[in-house]
1. Hey, Asp55 hits all of (1) surrounded by fewer than 13 Cβ atoms within 10 Å (Cβ to Cβ); (2) of a type in the set (D, E, K, R); (3) modelled with pLDDT of 70 or more but one; which does it fall short on?
2. For Phe157, indicate whether it is within 22 Å of Lys17 (Cα to Cα) and over 19 Å from the mean Cα position of the chain (by Cα).
3. Every residue in region 212-255 that is small (Gly, Ala, Ser) and assigned to a loop (DSSP other than H, G, I, E, B), please.
4. Checking Val28 against (1) modelled with pLDDT under 85; (2) open to solvent by 40 Å² or more (accessible area, probe 1.4 Å); (3) among the hydrophobic types (A, V, I, L, M, F, W, C): exactly one of these is not met. Which one?
5. Mind telling me which of the residues Glu224, Glu234 ends up being surrounded by fewer than 16 Cβ atoms within 10 Å (Cβ to Cβ) and within 34 Å of the chain's Cα centre (by Cα)?
6. Mind listing just one residue for me: the one in region 94-142 that is among the acidic types (Asp, Glu), exposed (fewer than 11 other Cβ atoms within 10 Å of the Cβ) and within 24 Å of Lys17 (Cα to Cα) and, of those, modelled with the lowest pLDDT?
Amino acid sequence: KAFEELVCNSYDAFADKVAVYVSPDLTVNDAFIWVCDNGESMDHDGLKALWRIGDSEKRKPERDKKRLQIGRFGIGKLATYVLGKKLTYICKKNDHFLSVSMDYSKISNQNDQLKLDEREIGEDEVRQVIEPYLEIAGKNYLPFNLFGESSEKSWTFSILTDLKPKATEIKEGRLKWVLSTALPLNPNFLLTYNGNEIKSSKINRAIKKTWIVGEKDLTADHLEFAESREKNGEFFVDFTNLKGVYGRIDLYEDSLVGSSKSSGMGRSHGIFLMVRNPD
(Lines give C-alpha, C1' and ligand atoms only; values in the text may rest on other atoms or scores of the structure.)
Protein backbone atom coordinates (compact mmCIF):
# COMPACT_ATOMS: atom_id res chain seq x y z
CA LYS A 1 0.00 0.00 0.00
CA ALA A 2 2.87 2.40 0.76
CA PHE A 3 4.34 2.02 -2.73
CA GLU A 4 0.91 2.15 -4.30
CA GLU A 5 0.26 5.45 -2.52
CA LEU A 6 3.53 7.01 -3.66
CA VAL A 7 2.89 6.10 -7.31
CA CYS A 8 -0.78 7.14 -7.18
CA ASN A 9 0.27 10.49 -5.72
CA SER A 10 2.48 11.00 -8.77
CA TYR A 11 -0.38 10.10 -11.08
CA ASP A 12 -2.71 12.51 -9.30
CA ALA A 13 -0.07 15.25 -9.70
CA PHE A 14 -0.51 14.85 -13.49
CA ALA A 15 2.93 13.30 -13.97
CA ASP A 16 3.54 11.37 -17.17
CA LYS A 17 6.86 9.90 -16.00
CA VAL A 18 7.55 8.28 -12.62
CA ALA A 19 10.63 6.42 -11.48
CA VAL A 20 10.89 4.13 -8.45
CA TYR A 21 14.18 2.90 -7.05
CA VAL A 22 14.71 0.36 -4.25
CA SER A 23 18.15 -0.55 -2.92
CA PRO A 24 19.00 -4.14 -3.93
CA ASP A 25 19.89 -5.01 -0.31
CA LEU A 26 17.39 -3.45 2.09
CA THR A 27 19.10 -4.94 5.15
CA VAL A 28 22.14 -2.63 5.05
CA ASN A 29 22.14 0.55 7.15
CA ASP A 30 22.33 2.96 4.22
CA ALA A 31 19.56 1.33 2.15
CA PHE A 32 16.96 3.69 0.72
CA ILE A 33 13.85 3.94 -1.44
CA TRP A 34 12.94 6.86 -3.67
CA VAL A 35 10.19 7.90 -6.03
CA CYS A 36 10.57 10.76 -8.50
CA ASP A 37 7.96 12.20 -10.87
CA ASN A 38 7.59 15.11 -13.27
CA GLY A 39 4.16 16.15 -12.02
CA GLU A 40 2.98 19.60 -10.99
CA SER A 41 4.91 19.35 -7.67
CA MET A 42 4.32 21.58 -4.63
CA ASP A 43 5.10 25.10 -3.46
CA HIS A 44 5.13 26.28 0.20
CA ASP A 45 1.36 26.02 0.48
CA GLY A 46 1.35 22.63 -1.21
CA LEU A 47 3.90 21.21 1.21
CA LYS A 48 1.84 22.47 4.14
CA ALA A 49 -1.31 20.92 2.67
CA LEU A 50 0.55 17.63 2.14
CA TRP A 51 0.36 16.81 5.84
CA ARG A 52 -3.23 17.80 6.49
CA ILE A 53 -4.78 14.46 7.31
CA GLY A 54 -8.30 13.82 6.05
CA ASP A 55 -8.07 16.77 3.68
CA SER A 56 -7.10 16.52 0.04
CA GLU A 57 -6.84 18.98 -2.85
CA LYS A 58 -7.75 16.05 -5.10
CA ARG A 59 -11.40 16.40 -4.15
CA LYS A 60 -11.79 19.46 -6.36
CA PRO A 61 -13.93 18.71 -9.45
CA GLU A 62 -11.70 20.75 -11.75
CA ARG A 63 -8.82 18.31 -11.15
CA ASP A 64 -10.94 15.37 -12.29
CA LYS A 65 -11.64 17.22 -15.53
CA LYS A 66 -7.94 17.18 -16.32
CA ARG A 67 -7.28 13.62 -15.13
CA LEU A 68 -9.56 11.43 -13.06
CA GLN A 69 -7.96 11.41 -9.63
CA ILE A 70 -7.17 8.17 -7.80
CA GLY A 71 -6.65 9.43 -4.25
CA ARG A 72 -9.50 11.03 -2.37
CA PHE A 73 -9.16 11.07 1.40
CA GLY A 74 -5.75 12.56 2.18
CA ILE A 75 -4.72 9.73 4.50
CA GLY A 76 -2.70 7.47 2.20
CA LYS A 77 0.43 9.59 2.76
CA LEU A 78 0.79 7.95 6.18
CA ALA A 79 1.36 4.54 4.57
CA THR A 80 5.07 5.37 4.23
CA TYR A 81 5.32 5.22 8.05
CA VAL A 82 5.59 1.42 7.90
CA LEU A 83 8.69 1.50 5.67
CA GLY A 84 11.00 4.18 7.00
CA LYS A 85 11.66 6.58 9.85
CA LYS A 86 12.48 9.54 7.62
CA LEU A 87 10.65 10.80 4.55
CA THR A 88 12.06 13.77 2.64
CA TYR A 89 10.47 15.69 -0.22
CA ILE A 90 12.46 17.87 -2.60
CA CYS A 91 10.34 19.83 -5.05
CA LYS A 92 10.94 22.01 -8.07
CA LYS A 93 8.16 24.42 -8.99
CA ASN A 94 8.16 27.88 -10.54
CA ASP A 95 11.97 27.72 -10.82
CA HIS A 96 12.33 27.34 -7.05
CA PHE A 97 13.53 24.33 -5.05
CA LEU A 98 11.87 23.46 -1.75
CA SER A 99 12.56 20.72 0.77
CA VAL A 100 10.81 19.30 3.83
CA SER A 101 11.48 16.22 5.96
CA MET A 102 9.26 14.16 8.22
CA ASP A 103 11.00 12.23 10.98
CA TYR A 104 8.46 9.65 12.09
CA SER A 105 10.61 8.71 15.09
CA LYS A 106 9.79 12.08 16.67
CA ILE A 107 6.07 11.34 16.76
CA SER A 108 4.97 10.59 20.32
CA ASN A 109 1.75 9.49 21.97
CA GLN A 110 1.36 12.91 23.53
CA ASN A 111 -0.90 15.60 22.15
CA ASP A 112 1.99 17.88 21.23
CA GLN A 113 2.55 19.11 17.69
CA LEU A 114 5.37 18.16 15.37
CA LYS A 115 6.44 21.16 13.34
CA LEU A 116 7.81 20.64 9.84
CA ASP A 117 9.82 23.41 8.26
CA GLU A 118 9.87 23.61 4.51
CA ARG A 119 12.83 25.58 3.26
CA GLU A 120 14.00 26.96 -0.06
CA ILE A 121 17.38 25.68 -1.23
CA GLY A 122 19.65 26.39 -4.19
CA GLU A 123 20.16 24.13 -7.19
CA ASP A 124 23.76 23.32 -6.19
CA GLU A 125 22.61 22.04 -2.80
CA VAL A 126 19.81 20.06 -4.43
CA ARG A 127 22.32 18.39 -6.72
CA GLN A 128 24.57 17.49 -3.80
CA VAL A 129 21.66 15.86 -1.97
CA ILE A 130 19.98 14.05 -4.86
CA GLU A 131 22.72 12.98 -7.26
CA PRO A 132 24.26 10.31 -4.94
CA TYR A 133 20.86 8.63 -4.89
CA LEU A 134 20.44 8.85 -8.67
CA GLU A 135 23.90 7.76 -9.80
CA ILE A 136 24.14 4.18 -8.63
CA ALA A 137 26.93 1.97 -9.95
CA GLY A 138 27.48 4.51 -12.74
CA LYS A 139 23.87 4.38 -13.93
CA ASN A 140 21.13 6.98 -13.76
CA TYR A 141 17.71 5.45 -13.13
CA LEU A 142 15.60 8.47 -14.11
CA PRO A 143 13.74 8.60 -17.47
CA PHE A 144 13.88 12.42 -17.46
CA ASN A 145 16.24 15.25 -16.47
CA LEU A 146 16.07 17.15 -13.19
CA PHE A 147 18.65 19.80 -14.06
CA GLY A 148 19.87 21.71 -17.08
CA GLU A 149 18.20 23.17 -20.15
CA SER A 150 16.30 19.95 -20.90
CA SER A 151 15.06 19.53 -17.32
CA GLU A 152 11.40 19.19 -16.42
CA LYS A 153 9.58 22.41 -15.47
CA SER A 154 8.43 20.81 -12.22
CA TRP A 155 9.19 17.61 -10.35
CA THR A 156 9.03 15.93 -6.94
CA PHE A 157 11.70 13.68 -5.44
CA SER A 158 10.66 11.74 -2.33
CA ILE A 159 13.10 9.52 -0.50
CA LEU A 160 12.70 7.12 2.41
CA THR A 161 15.74 6.55 4.60
CA ASP A 162 16.45 4.95 7.98
CA LEU A 163 14.37 2.03 6.82
CA LYS A 164 12.41 -0.04 9.30
CA PRO A 165 12.55 -3.86 9.54
CA LYS A 166 9.27 -4.02 7.62
CA ALA A 167 11.07 -2.71 4.53
CA THR A 168 13.32 -5.78 4.45
CA GLU A 169 10.25 -7.90 3.72
CA ILE A 170 9.83 -6.27 0.30
CA LYS A 171 10.13 -8.80 -2.49
CA GLU A 172 11.01 -7.45 -5.92
CA GLY A 173 8.68 -9.75 -7.86
CA ARG A 174 5.67 -8.98 -5.72
CA LEU A 175 6.45 -5.26 -5.67
CA LYS A 176 6.53 -5.14 -9.47
CA TRP A 177 3.16 -6.91 -9.51
CA VAL A 178 1.72 -4.44 -6.98
CA LEU A 179 2.92 -1.49 -9.04
CA SER A 180 1.50 -2.93 -12.26
CA THR A 181 -1.92 -3.52 -10.70
CA ALA A 182 -1.93 -0.04 -9.14
CA LEU A 183 -1.43 1.60 -12.52
CA PRO A 184 -4.44 2.90 -14.42
CA LEU A 185 -4.60 2.03 -18.09
CA ASN A 186 -3.15 5.27 -19.46
CA PRO A 187 -0.74 5.24 -22.43
CA ASN A 188 0.56 8.67 -21.36
CA PHE A 189 1.94 7.45 -18.05
CA LEU A 190 5.40 5.85 -17.82
CA LEU A 191 6.51 4.04 -14.66
CA THR A 192 9.98 2.57 -14.21
CA TYR A 193 11.29 0.38 -11.41
CA ASN A 194 15.08 0.36 -11.00
CA GLY A 195 15.35 1.50 -14.61
CA ASN A 196 12.92 -1.01 -16.12
CA GLU A 197 9.47 -0.04 -17.40
CA ILE A 198 6.45 -1.36 -15.52
CA LYS A 199 3.28 -1.66 -17.57
CA SER A 200 -0.27 -1.69 -16.27
CA SER A 201 -1.52 -5.23 -15.73
CA LYS A 202 -4.69 -4.15 -17.50
CA ILE A 203 -2.84 -3.81 -20.79
CA ASN A 204 -2.75 -7.60 -21.07
CA ARG A 205 -6.53 -7.91 -21.05
CA ALA A 206 -7.89 -9.08 -24.39
CA ILE A 207 -9.59 -6.41 -26.50
CA LYS A 208 -12.79 -7.63 -28.15
CA LYS A 209 -13.40 -4.67 -30.43
CA THR A 210 -11.95 -1.23 -31.14
CA TRP A 211 -13.67 1.84 -32.59
CA ILE A 212 -11.72 4.79 -33.99
CA VAL A 213 -13.64 8.06 -34.04
CA GLY A 214 -13.94 9.12 -37.70
CA GLU A 215 -12.96 5.75 -39.20
CA LYS A 216 -15.98 4.03 -40.76
CA ASP A 217 -17.93 6.19 -38.33
CA LEU A 218 -21.57 5.35 -39.06
CA THR A 219 -22.80 7.67 -36.32
CA ALA A 220 -20.99 10.70 -37.73
CA ASP A 221 -21.99 9.82 -41.29
CA HIS A 222 -25.69 9.90 -40.36
CA LEU A 223 -25.47 13.32 -38.71
CA GLU A 224 -26.13 16.34 -40.89
CA PHE A 225 -23.82 18.51 -38.77
CA ALA A 226 -20.85 16.09 -38.67
CA GLU A 227 -18.32 14.87 -41.22
CA SER A 228 -15.62 12.21 -40.95
CA ARG A 229 -12.19 12.75 -42.46
CA GLU A 230 -8.71 11.20 -42.60
CA LYS A 231 -5.36 12.98 -42.56
CA ASN A 232 -1.95 11.32 -42.62
CA GLY A 233 -3.39 8.05 -41.42
CA GLU A 234 -5.32 9.62 -38.53
CA PHE A 235 -9.09 9.98 -38.35
CA PHE A 236 -11.24 12.88 -37.16
CA VAL A 237 -14.81 14.10 -37.01
CA ASP A 238 -15.63 17.74 -37.76
CA PHE A 239 -18.78 19.26 -36.32
CA THR A 240 -20.27 22.61 -37.29
CA ASN A 241 -18.66 24.45 -34.37
CA LEU A 242 -16.03 21.94 -33.29
CA LYS A 243 -13.30 20.60 -35.57
CA GLY A 244 -10.78 17.80 -35.26
CA VAL A 245 -12.50 15.54 -32.72
CA TYR A 246 -10.58 12.29 -32.40
CA GLY A 247 -10.49 9.31 -30.07
CA ARG A 248 -10.49 5.56 -29.59
CA ILE A 249 -12.79 3.20 -27.75
CA ASP A 250 -11.61 -0.26 -26.66
CA LEU A 251 -14.08 -2.92 -25.57
CA TYR A 252 -12.39 -5.48 -23.31
CA GLU A 253 -13.57 -9.06 -22.95
CA ASP A 254 -13.11 -8.93 -19.16
CA SER A 255 -13.69 -6.19 -16.63
CA LEU A 256 -10.78 -3.87 -15.89
CA VAL A 257 -12.12 -3.29 -12.39
CA GLY A 258 -10.24 -5.29 -9.79
CA SER A 259 -9.08 -4.78 -6.23
CA SER A 260 -6.33 -2.27 -6.91
CA LYS A 261 -6.41 1.41 -6.06
CA SER A 262 -6.69 2.38 -9.71
CA SER A 263 -9.96 0.49 -10.01
CA GLY A 264 -13.46 1.66 -9.27
CA MET A 265 -13.54 4.63 -11.66
CA GLY A 266 -10.15 5.66 -10.35
CA ARG A 267 -11.54 6.36 -6.90
CA SER A 268 -9.76 5.54 -3.70
CA HIS A 269 -11.56 3.54 -1.06
CA GLY A 270 -9.17 4.79 1.61
CA ILE A 271 -7.21 2.53 3.92
CA PHE A 272 -8.37 -1.08 3.94
CA LEU A 273 -8.92 -2.71 7.32
CA MET A 274 -9.05 -6.44 8.03
CA VAL A 275 -11.05 -7.22 11.19
CA ARG A 276 -10.94 -10.50 13.07
CA ASN A 277 -13.88 -11.53 15.25
CA PRO A 278 -15.83 -8.26 14.80
CA ASP A 279 -18.44 -9.41 17.34
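1. Among (1) surrounded by fewer than 13 Cβ atoms within 10 Å (Cβ to Cβ); (2) of a type in the set (D, E, K, R); (3) modelled with pLDDT of 70 or more, the lone unmet condition for Asp55 is (3).
2. Working: within 22 Å of Lys17 (Cα to Cα): yes; over 19 Å from the mean Cα position of the chain (by Cα): no.
Against the criterion (within 22 Å of Lys17 (Cα to Cα) and over 19 Å from the mean Cα position of the chain (by Cα)), Phe157 does not qualify.
3. At the first step, the residues of region 212-255 found to be small (Gly, Ala, Ser) are 214, 220, 226, 228, 233, 244, 247, 255.
Once the filter is applied, which keeps residues that are small (Gly, Ala, Ser) and assigned to a loop (DSSP other than H, G, I, E, B), region 212-255 yields Gly214, Gly233, Gly244, Gly247, Ser255.
4. Going through the list (1) modelled with pLDDT under 85; (2) open to solvent by 40 Å² or more (accessible area, probe 1.4 Å); (3) among the hydrophobic types (A, V, I, L, M, F, W, C), Val28 breaks only (1).
5. Details: Glu224 fails: within 34 Å of the chain's Cα centre (by Cα).
From the options Glu224, Glu234, the qualifying one is Glu234.
6. By that ranking, first place goes to Asp95.
The values are calculated or read from the model by the stated rules, or taken from the named source; none is laboratory data. If you're wondering where the values come from, they're calculated on a predicted model, not measured in any experiment. Glycine gets a Cβ as well: all are built from the backbone with ideal geometry, and neighbour counts include every protein chain shown. For the accessible areas, the whole protein counts, side chains as well, though only heavy atoms, and no ligand, DNA or RNA atoms are used. Shrake-Rupley method; radii C 1.70, N 1.55, O 1.52, S 1.80 Å.
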